Amino acid sequence: MAVIEVRLLVRLGDGADEVDLTGAAGSLRGRLLEAGVEQARLQRSDLTALGSKSGAEVVAGALLVSMLPHVFSTVIVAIQAWSARASGRSVTIVDGDREVSATGLSAEEQQRLLENFTPRPAAQEPDGGTPDGHA
């Protein structure tokens, strides 16, 4: 079964800085790992600031999440629970050029999200295979 990958963008209320965003993303990451995702990691930038040490920097408030398709509904529930713990928290799911808010949804809205926003399978690592799993 193909693994799907999405990017989650965490937003906090007014006054939040990069440290707050990175901490919040780490907290959500823990919930997602408990929910059964294959992998949840802080997104790293390929660009480094001029004059900075080499290496990728963490993008504040951004996670890359890999999961089996059937786990996506559990991820939505975990996001809902995480965002409800404090005011101002929100999460946007990004899959390619598609974005959808996954915060503050009613049960009916969650169901519509699951029906209409199915993430696409993640591209495989460069090992000679193709995104569809064939060599």
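The values are calculated or read from the model by the stated rules, or taken from the named source; none is laboratory data. Quantities reported herein were computed from a predicted structural model and do not represent experimental measurements. Positions of Cβ are backbone-derived with ideal geometry, glycine not excepted, and every protein chain shown enters the neighbour counts. Only protein heavy atoms, including side chains, enter the accessible area calculation; ligands, DNA and RNA are left aside. Shrake-Rupley method; radii C 1.70, N 1.55, O 1.52, S 1.80 Å.
Summary of computed values
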| quantity | calculated |
| --- | --- |
| Tabulated pairs, the stretch 11-23, first free of Cβ contacts under 8 Å to residues at least 24 places away in the same chain, second part of a loop (DSSP other than H, G, I, E, B), C-beta under 7 angstrom, 6+ apart or interchain | Asp20/Leu12 |
| Hey, Gly96 at pLDDT below 90 and under 17 Å from Arg120 (Cα atoms) or not | yes |
| Counted residues, the stretch 105-117 - those being in a loop (DSSP other than H, G, I, E, B) and surrounded by fewer than 12 Cβ atoms within 10 Å (Cβ to Cβ) | 1 |
| Check on Val6, in contact with an Asp or Glu (Cβ under 6 Å, 6 or more places away or on another chain), modelled with pLDDT of 90 or more and at negative phi | yes |
| Residue, farthest from Ile4 (Cα to Cα), within the stretch 67-98, restricted to residues that are open to solvent by 50 Å² or more (accessible area, probe 1.4 Å) and without any contact (Cβ under 8 Å) to a residue 24 or more places away in the chain | Arg85 |
| From Val65, Val59, residue being at pLDDT 85 or above and either touching a Gly at 6+ places or on another chain (Cβ under 9 Å) or of a type in the set (A, V, I, L, M) (or both) | Val65 |
